[in-house]
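The values are calculated or read from the model by the stated rules, or taken from the named source; none is laboratory data. All values reported here derive from a predicted model rather than from experimental measurement. FYI the Cβ positions are ideal-geometry reconstructions off the backbone, even for glycines, and counts take in every protein chain you see. These accessible areas exclude ligands, DNA and RNA; they are computed on the full protein's heavy atoms, side chains included. Shrake-Rupley method; radii C 1.70, N 1.55, O 1.52, S 1.80 Å.
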Amino acid sequence: PNGSNGTKKIMGWYDKVPFMQCYHGVISLNHDLEGEIKMNSSTFRFNNGKGYIEKDWGKSMPSSWIWIQSNNFKNSNSSFMLSVAKIPWLGFSFTGFLGFYYVNNQIGRFGTYSKAKVNLEKYEKNSLNLNIILKDEILEIQTFKNSSGMLKAPVNGNMNRRISEGIDAEIKIKLFDKNKNVIFKDSSNITGLEVVGEMKELFNKKQ
């Protein structure tokens with residue numbers, strides 16, 4: 001339902017590790033939004049809007065990552081987020097990922113900690129297809145990036161890195177059961193999408 005609390009433990013047991021480069025938390029999966037912002041002579045109203053809140057904290061963002069988020073599906077109560085990143089670990093690195101789907105009032109969490117797997121099916125300049133292999137389900141994700149803007153990101157505590165983020169990307173998701181029957185499918189053209197760094201860093205090893 002709208003206003004549902006997110007899962008602050010989206011990282012699983014990794015949020016207990018004291019030397020992680022970056023931490024991630026989800027505060028709200030989907031909530032109602034009211035209010036306005038006045039800027040100079042312009043007023044931007046958000047009445048009857050939809051909100052989503054997550055947070056990152058730490059010293060640096062990863063060298064490479066993918067972030068996808070939307071809660072503006074045709075099914076108004078649906079929400080989805082996925083983050084895949086190169087994680088430094090004790091002098092080495094590995095590809096870690098986390099995320100959730102919120103469908104029909106059910107929350108499904110997944111990530112490296114749950115022994116799920118992420119596969120890159122297709123990557124081109126403005127499109128990205130991924131599959132998430134869960135214990136009894138498969139998530140198929142297709143995205144297409146439209147416009148983008150530049151954001152600041154931290155490097156060793158200093159906000160001097162610039163990364164590209166789109167907020168009008170398109171997404172199609174399908175959720176299959178273990179027998180490949182479609183449980184849920186939906187789409188949105190209001191999606192946050194970041195594809196940063198080299199994808200070969202994330203997917204050069206079999207997941």
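Observations on the model:
- Pair list, Cβ < 9 Å and 6+ apart or interchain, from segment 100-111 residues that are under 15 Å from F176 (Cα atoms) and of a type in the set (S, T, N, Q) to residues that are assigned to a loop (DSSP other than H, G, I, E, B) and open to solvent by 10 Å² or more (accessible area, probe 1.4 Å): N104/N75; N104/N77
- Going through (1) free of Cβ contacts under 8 Å to residues at least 40 places away in the same chain; (2) closer than 23 Å to I190 by Cα one by one, F92 falls short only on (2).
- Taken together, K16, K74 contain a single residue that is of a type in the set (D, E, K, R) and without any contact (Cβ under 8 Å) to a residue 12 or more places away in the chain, which is K16.
- Residue check for N131: loosely packed, with under 14 Cβ neighbours inside 10 Å and polar (S, T, N, Q): no
- Checking each residue in segment 83-107 for being crowded, with 17+ Cβ neighbours inside 10 Å and within 18 Å of K9 (Cα to Cα) picks out S83, V84, A85, I87, G96, F97, L98, G99, F100, Y101, Y102.
- Scope segment 156-176; condition open to solvent by less than 90 Å² (accessible area, probe 1.4 Å) and either among the β-branched types (V, I, T) or more than 25 Å from T95 (Cα to Cα) (or both); matching residues: I163, D168, I171, I173
- Qualifying residue in segment 80-99 (condition: in contact with a strand residue (DSSP E or B) (Cβ under 7 Å, 6 or more places away or on another chain) and not in a strand (DSSP E or B)): no
- If the condition is being free of Cβ contacts under 8 Å to residues at least 24 places away in the same chain, part of a strand (DSSP E or B) and of a type in the set (S, T, Y), then segment 21-52 contributes S42, T43.
- Test result for K125, open to solvent by 60 Å² or more (accessible area, probe 1.4 Å), in a loop (DSSP other than H, G, I, E, B), within 20 Å of M11 (Cα to Cα) and of a type in the set (D, E, K, R): no
- For segment 128-163, a tally of residues being over 21 Å from Y14 (Cβ atoms) and either touching an Asp or Glu at 6+ places or on another chain (Cβ under 7 Å) or among the aromatic types (F, W, Y) (or both) returns 12.
- Close pairs (9 angstrom Cβ cut-off, 6 or more residues apart or separate chains): under 21 Å from G166 (Cα atoms) and touching a residue at least 40 places away in the same chain (Cβ under 8 Å) in segment 114-135, open to solvent by less than 100 Å² (accessible area, probe 1.4 Å) and of a type in the set (D, E, K, R) anywhere: L128/K122; L128/K145; L130/K122; L130/E140
Okay, residues lined up against (1) at pLDDT 90 or above; (2) on the phi < 0 side of the Ramachandran plot:
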{"site": "D15", "(1), (2)": "no, yes"}
{"site": "L29", "(1), (2)": "yes, yes"}
{"site": "N40", "(1), (2)": "yes, no"}
{"site": "T43", "(1), (2)": "yes, yes"}
{"site": "G49", "(1), (2)": "no, yes"}
{"site": "E54", "(1), (2)": "yes, yes"}
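- So F80, is it open to solvent by less than 50 Å² (accessible area, probe 1.4 Å) and within 19 Å of I190 (Cα to Cα): yes
- The residues in segment 53-79 that are in a strand (DSSP E or B) and under 22 Å from V196 (Cβ atoms) can be counted, and the count is 12.
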